[in-house]
Every structure is written in C-alpha cells, then in structure tokens.
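Down below is the structure, laid out as structure tokens.
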Amino acid sequence: MMEKYRNSSGNSGISAYEIGPDYIKIRFSSGETYQYSYKKAGQKHVENMKRLAIKGTKLNTYLNTYVKFKND
C-alpha cells in the first residue's frame, strides 16, 4: 500500500511511496510509478531511498543525483 510522501521541503515531484523488502516504489506527481530494486539500483541506493522516503525529505534530489534506473 502506498504511503503519502510528507514532502517536508514543499517542492518535491514525489507524491507517495511503498517500501518492500528489496525495493521501493515511488509515485510521482505526474501519476507515474517506478519501482527501484536491489537488483537494478543496488541495495545501498534502495536503502537510502527508503530512509529518505520515511523522513519525507530530499528523496527527489537523491534520485536525480544518484539513481538512473527506473521500472526494474
């Protein structure tokens, strides 16, 4: 089930997320949903994205800086 992204900075393009054991799904404000898995994005990046999603800040910045894989 998707959780609403808190968006602490107020200008994120992310609206919701769902955390799984080895992935994170992210729904963008455009309505598109992408899944990032350990297999494609790497465990380190997925775990960092999970942490930022729960915190509600800087997730979009992290994606744009470090993660290039979508829908894996």
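What net charge do the residues around Q43 carry, taking every other residue with its C-beta under 12 Å from that of Q43, with Lys and Arg at +1 and Asp and Glu at -1?
On the way: positive: K39, K40, K44, K50; negative: D22, E47.
Its environment carries a net charge of +2.
Hey, can you grab everything whose amide H is under 5 Å from the amide H of E3? Only 5+ residues off in sequence or another chain; H modelled, so Pro and N-termini drop out.
Excluding prolines and chain starts, which carry no amide H, the hits are Y17, E18.
Restrict the search to the stretch 1-57; then list the GluC sites (Glu not before Pro) that DSSP places in a loop and that have at most 12 other Cβ atoms within 10 Å of their Cβ.
Details: sites: E3, E18, E32, E47; in loops: E32.
Counting only loop positions with at most 12 other Cβ atoms within 10 Å, the GluC sites (Glu not before Pro) in the stretch 1-57 are E32.
With +1 on each Lys and Arg Cβ and -1 on each Asp and Glu Cβ, and nothing else charged, work out how big the dipole of the chain is about its Cα centre, in Debye to the nearest 20.
Numbers: 13 positive and 6 negative charges, 35 e Å.
For the chain, the charge dipole is close to 160 debye.
How many percent of Cα pairs in the stretch 3-66 exceed 19 Å?
Values: 373 of 2016 pairs.
Here the long-distance tail beyond 19 Å is 19 percent of all Cα pairs in the stretch 3-66.
Positive end of the charge dipole of the stretch 3-66 (Lys, Arg +1 and Asp, Glu -1 on Cβ, about the Cα centre): tell me which of S29, A16, L52 has its Cα farthest that way.
So the residue furthest toward the plus end is L52.
Note the angle between two axes, namely the Cα long axis of helix 43-55 and the longest principal axis of the Cα atoms of the chain, as a number of degrees from 0 to 90, rounded to the nearest 10.
20 degrees
Determine the relative contact order of the chain: mean sequence separation of Cα pairs under 8 Å and six or more apart, normalised by residue count, in whole percent.
Numbers: 112 pairs, mean separation 21.1, N = 72.
It comes to 29 percent, rounded to a whole number.
Since every read-out is calculated from the coordinates, none of them should be taken as a lab result. It should be emphasised that the depicted structure is a prediction, and the values quoted were computed from it without experimental measurement. Note: ideal-geometry Cβ built from the backbone for every residue, glycine included; neighbour counts use all protein chains shown.
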